[in-house]
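This report refers to the structure that appears directly beneath it.
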Amino acid sequence: MPLPPSSSTQRSPTKMLERALSSRRNALYADEAAAENDAVAADESKTKKHLPISFFTTRITNYLTRTGPVWPCLLLLALVLFLIFSLIFNSRRFVCVSPYDPVSRSGFFGFDGLESDFGSLGVPWCRSKHGKTVEWTSKDLIKGLEVFIPIYETRPIKNNQFGMGFDHSFGLWFIAQWLKPDLMIESGAFKGHSTWVLRQAMPDTPIITLTPRHPEKYLKKGPAYVDGNCTYFSGKDFLDFGSIDWRKLMKKHGITDLSRVLIFFDDHQNELKRVRQALKAGFRHLVFEDNYDTGTGDHYSLRQICDQPYIRGGGHSCFKDSDEARIRSRRKKFWEKAVDIDELCGPGEAWWGVRGYMLDDFNNSKSNKLISYSEHFQNSRFVESILDVYWEVPPVAGPSLTHQTRYDPARAVTPVVEDGRYGLFQRLGLTRLNPSVFNGYTQMAYLQISKQ
Ligand SMILES: C[S@@+](CC[C@H](N)C(=O)[O-])C[C@H]1O[C@@H](n2cnc3c(N)ncnc32)[C@H](O)[C@@H]1O
């Protein structure tokens, strides 16, 4: 597989990305600062003609004597009109703008505020055994975007509500085309958008799809995607990932090395359960679509499992007067998916998972389980003990560019295209996409399991 474990760099994924991005930002700002200095110098050279103040006062007095009181009256009128307009404009912010409106948000935080916002509440991540990270860089992601955007524009399912939006479609495509697996397995296909994304990354690679309802069933009502080189376990043939004899099935497909297989989970099942099943079968490359933040979502996710006090942004206090409680309640006004302390904490101050629950199967009360903090802690220790790499797909661009209103940047890694880089956003062709496609980001994660 062209993604052998990268030579063990000891940097965290975020740090690596941050380093690459900050050097890029410095270069950009150096250019901008130089241009700004030139402009200021030019402006100053135009205005600096050191004339005495008496020169101006004499000229104004002479002029007023000639024209009478008309001009002072007009000036006063203009001043009154200006005051009225600015009052109306400012009061709009308080009375008639939606709390999720990006303009009102930027008015509140300021665009600089948004820019430095990413990760400000901490981004829990799963520690790997040797601190390894992925081998691709932010430059590779930008190059990938250049290729993927025109492909995405040809997608058969334009409105994929309840399925993946742009950020995760790009993430899945990028990972698949980088790893170049011999076979891809998908659990949870809905109308087939993710199958189509996998196919764009690897045109000739076989796919196995497990999904209760065959995507062809959706064709009667509208667009769907059915792949010609895909084995479907659907309808009466549906089998859950955990009940398949994978060694036997892989052999049938001519696969002997299971580390050359990529698995994509978008089936809203407890991710701890899925990691155990994949490990037992011998798979090593997993992608989880909905990697929900603590207190949100309908299943126990990797992000939730690794939300532990020893990780920055991990572990929470249910104390209502804490700094975290104050910041969270403020942010909840601006981002739909932000949760405040009341939502985060369940009975007995249980903040882990979702209010102390390990949710499963689309928040099915029959499969959900209340767990103690020590169980939750043991879960993270287990995951860390089998992990070589954990990487969260970054959001494609900052919210001042995409106008997304859902995920809270304070709990997300730095985006590929940062706020303020409109030129790059436009050059890549991202302005051509409907803003609704940027509203589905839930921290998609790539996991590499260590060789057992
Ligand atoms: C969010 S949708 C998948 C969206 C799709 N990946 C996309 O990008 O458009 C979740 C899918 O998981 C399916 N599902 C439910 N239980 C499942 C299970 N145990 N195994 C596999 N798929 C399951 C649902 O029927 C649904 O099609």
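Points to keep in mind about this one:
- Taken over the alpha carbons of the range 360-452 as equal point scatterers, the Debye sum produces base-10 log I(q)/I(0) values at 0.23 Å⁻¹ of -1.13.
- Positive-pole candidate from 414, 397, 429, dipole of the range 390-436, charges at beta carbon: 429
- Spatial separation of Cα centroids for the range 363-435 and the range 160-188, in angstrom: 15 Å
- Pairs exceeding 31 Å between alpha-carbon atoms, taken from 158/251; 132/280; 191/451: 158/251; 191/451.
- Gain on full stretching of the segment that runs from residue 321 to residue 434 - 0.36 nm per residue minus C-alpha separation: 36.7 nm
- Spatial separation of Cα centroids for the range 202-275 and the range 314-335, in angstrom: 40 Å
- Note on residue 76/residue 333: beta-carbon distance plugged into 1/(1 + (r/R0)^6) with R0 of 51 Å gives a FRET efficiency of 0.80.
- Pairs over the 25 Å Cα-Cα cut-off, from the set 180/252; 139/273; 337/369: 139/273.
- Against the compact-protein benchmark of 2.2 N^0.38 Å, the Cα-based radius of gyration of the range 280-321 scales to 1.48.
- Here the Karplus curve 6.51 cos²θ - 1.76 cosθ + 1.60, taken at θ = phi - 60°, turns the phi angles of the range 392-400 into couplings of 8, 4, x, x, 5, 7, x, x, 6 Hz, with x standing for Gly and Pro.
We did not get these values from a lab; they are worked out from the coordinates using the rules stated. Since we're looking at a predicted model, the values are computed, not measured. Neighbour counts are summed over all protein chains in view; Cβ atoms, including those assigned to glycine, are modelled from backbone coordinates with ideal geometry.
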